[in-house]
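Here is the structure we will look at.
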Amino acid sequence: MEDSLYTGDREAELPNTFKIPSYVRADATIFYKRDNWRVGLNFKNLFDTRYYDSQGYYYYLRPGAPFTVLGTISVEF
C-alpha cells in the first residue's frame, strides 16, 4: 500500500511576509500476516522530501521528518 500527501503553499505568518512552499510526501507499507501474528515495514517520506511540518510564532518553522523506516511485529491473543 502506498500513500502520498500533497500540501500546497501556505502563509507562514500574518501579515503574509513569506510563504512555506508546497510539497508532496510519499509513504508505503508492506506486511505479512499469518494466523495470529503480523510483521510489517512502514516507509515514511520515501523520497526524502524536505518540507516543513508546521509553523509557530516569530518565524519558527519545524522541519518534517526525513526518510524513516519502522518495523513492527504484532501478535493477537
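List, please: which pairs have Cβ atoms under 9 Å, are six or more places apart or on different chains, and start with a residue in region 53-77 that is farther than 25 Å from residue 21 by Cα and surrounded by 11 or more Cβ atoms within 10 Å (Cβ to Cβ) and end with one that is modelled with pLDDT of 85 or more and aromatic (Phe, Trp, Tyr)?
72/31; 74/37
Can you spot a residue in region 62-77 that is at pLDDT 95 or above, aromatic (Phe, Trp, Tyr) and in a loop (DSSP other than H, G, I, E, B)?
Within region 62-77, one or more residues are at pLDDT 95 or above, aromatic (Phe, Trp, Tyr) and in a loop (DSSP other than H, G, I, E, B).
Being assigned to a strand (DSSP E or B), at pLDDT below 90 and farther than 19 Å from residue 68 by Cα is the filter here, so list the residues in region 7-43 that pass it.
Residues satisfying the conditions are 7, 10, 11, 19, 20.
The values are calculated or read from the model by the stated rules, or taken from the named source; none is laboratory data. Source: prediction; values computed, not measured. FYI the Cβ positions are ideal-geometry reconstructions off the backbone, even for glycines, and counts take in every protein chain you see.
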